[in-house]
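Novice: Let me begin by handing over the structure; questions about it come next.
The values are calculated or read from the model by the stated rules, or taken from the named source; none is laboratory data. Given the structure is predicted, the values throughout are model-derived calculations rather than measurements. Ideal geometry is used to build each Cβ from the backbone, glycine not excepted, and the neighbour counts take in all protein chains shown. The area values use the complete protein model at the heavy-atom level, side chains included, leaving out ligands, DNA and RNA. Shrake-Rupley method; radii C 1.70, N 1.55, O 1.52, S 1.80 Å.
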Amino acid sequence: LAYELGMLKARPYKARLKAIKADPLFTDDMPRHVQTYVDFVRAEFTAAQADDEDAVIMLEERLDFSEYVPDGYGTGDTSIANYKILKIIDLKYGKGVKVSAVDNTQLKLYGLGGLDAFELIYSGIETVELTIVQPRLDHISVFKISVADLIEWAEETVRPAAALAIDGEGELVAGDWCRWCKAKARCTAYAELAKIAALNDFADPKELTDEELVEALNDMAKIRDWLKAVEDYTLKEALHGKKWDGYKIVNGRGKRVWTDTEKVEAKLEALKFTRAKYLNTKLKGITAIEQIMSVDKFEANIKPLIVKQQGSKILVPNSDKRIAQGVEQAKIDFDDGLTEDDLPF
């Protein structure tokens, strides 16, 4: 993004990109997904410039909201401002959870930091626009809030809560927001939440009422998440020398691997085995094929040869956007405008 905006010269851009591609965590589809975010930001900056040719953009800058939260700050992926609007645009590369920008606490705090950062340039900003771009889910969420409402939230909600937290007071409240909390393995409130859920769920399912079964379904995620957090935390501490009563560190089941595949192939060839006996060849995955050609060429030639298989059936909350199976799916499958008079019986 910095390179396309002219904020980074070609040589350092290529050097940094080369270093990124050498990282073992790099995958070939990353540039394509990130480009979705880059294109979106450029369009938003162009729109801001159309209203004000002096519009300003900042990339990965510190956004300080310590006026409301002592030592509070974050790093804003992109911040754009002109004389009437501040735009905070956040890239979420993950695809495990779809994240909404609506009333998003993190982005609202970044909005407060952005107002502080641009205060000397633009003191008359009236609206803060918060956006989450989640390219791997083809998801863009936008939320607008007036500066007046944002400041009111900061004064009435953020400042008092921060003051309690700094003093070590206030209540520990566990919930879905604990998903990424680093302290959840030691958190008494989260443990209590999981234990209560577990106690409710340990009865024989055949003996529970419908309401109790639905409650158990709602609780499963909390229990699994807490147990995983405890498992990860205790292992990490054990690896650093912590002794847990009744537990020890062992090596898990290992996987057999070749020390030198070329030597293995040479040995098999010397033993008169045909190559078809010991070599596998197969077509690369769809994503890999997508990356070797243009989007237009892929759409025209390859996409017609792709079919999306139906996944295994799972039970999810009604809030899930996927279409319900069974009768609801049948209505969609057979909804072709037929009336009773058109039926052959």
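Novice: Quick one: how many residues across the range 102-136 are surrounded by 14 or more Cβ atoms within 10 Å (Cβ to Cβ), within 16 Å of the chain's Cα centre (by Cα) and assigned to a helix (DSSP H, G or I)?
Specialist: First pass over the range 102-136, keeping only residues surrounded by 14 or more Cβ atoms within 10 Å (Cβ to Cβ): 104, 106-118, 122, 125, 127-136.
Of the ones still in play, those that are also within 16 Å of the chain's Cα centre (by Cα) are 104, 106-107, 131-136.
Applying the additional criterion that residues be assigned to a helix (DSSP H, G or I) yields 106-107, 135-136.
Within the range 102-136, residues that are surrounded by 14 or more Cβ atoms within 10 Å (Cβ to Cβ), within 16 Å of the chain's Cα centre (by Cα) and assigned to a helix (DSSP H, G or I) number 4.
Novice: Which of the residues belonging to the range 146-174 are β-branched (Val, Ile, Thr) and either in a loop (DSSP other than H, G, I, E, B) or touching a Lys or Arg at 6+ places or on another chain (Cβ under 7 Å) (or both)?
Specialist: Here is the first cut: in the range 146-174, the residues β-branched (Val, Ile, Thr) are 147, 151, 157-158, 166, 173.
Val173, the sole residue that qualifies.
Novice: Residues Leu25, Leu8: which one is of a type outside the set (Gly, Ala, Ser), outside any helix (DSSP H, G or I) and surrounded by 14 or more Cβ atoms within 10 Å (Cβ to Cβ)? Reasoning before the result, please.
Specialist: Details: Leu25 fails: surrounded by 14 or more Cβ atoms within 10 Å (Cβ to Cβ).
Testing whether each residue is of a type outside the set (Gly, Ala, Ser), outside any helix (DSSP H, G or I) and surrounded by 14 or more Cβ atoms within 10 Å (Cβ to Cβ) leaves just Leu8.
Novice: How do the pairs read when you match residues in the range 13-34 that are farther than 18 Å from Val295 by Cα with residues anywhere that are open to solvent by 60 Å² or more (accessible area, probe 1.4 Å) and not β-branched (Val, Ile, Thr), using Cβ under 6 Å and keeping only pairs 6 or more apart or on different chains?
Specialist: From residues that are farther than 18 Å from Val295 by Cα, the pairs are Tyr13/Tyr3.
Novice: Of the residues Lys243, Lys282, Lys263, only one is open to solvent by 100 Å² or more (accessible area, probe 1.4 Å) and either hydroxyl-bearing (Ser, Thr, Tyr) or closer than 30 Å to Cys178 by Cβ (or both); which? Outline the logic, then answer.
Specialist: Details: Lys282 fails: either hydroxyl-bearing (Ser, Thr, Tyr) or closer than 30 Å to Cys178 by Cβ (or both); Lys263 fails: either hydroxyl-bearing (Ser, Thr, Tyr) or closer than 30 Å to Cys178 by Cβ (or both).
The unique qualifying residue is Lys243.
Novice: Just a yes or no: is a residue in the range 228-236 modelled with pLDDT of 75 or more, in contact with a Leu (Cβ under 7 Å, 6 or more places away or on another chain) and open to solvent by 80 Å² or more (accessible area, probe 1.4 Å)? Spell out the reasoning first.
Specialist: Residues of the range 228-236 that are modelled with pLDDT of 75 or more, as a first pass: 228-236.
Adding the requirement that they be in contact with a Leu (Cβ under 7 Å, 6 or more places away or on another chain) leaves none.
No: the range 228-236 contains no residue that is modelled with pLDDT of 75 or more, in contact with a Leu (Cβ under 7 Å, 6 or more places away or on another chain) and open to solvent by 80 Å² or more (accessible area, probe 1.4 Å).
Novice: Separate question: Quick one: which of Lys87, Lys144, Lys95 is surrounded by 18 or more Cβ atoms within 10 Å (Cβ to Cβ) and either under 18 Å from the mean Cα position of the chain (by Cα) or not small (Gly, Ala, Ser) (or both)? Before the answer, list the steps.
Specialist: Details: Lys144 fails: surrounded by 18 or more Cβ atoms within 10 Å (Cβ to Cβ); Lys95 fails: surrounded by 18 or more Cβ atoms within 10 Å (Cβ to Cβ).
Testing whether each residue is surrounded by 18 or more Cβ atoms within 10 Å (Cβ to Cβ) and either under 18 Å from the mean Cα position of the chain (by Cα) or not small (Gly, Ala, Ser) (or both) leaves just Lys87.
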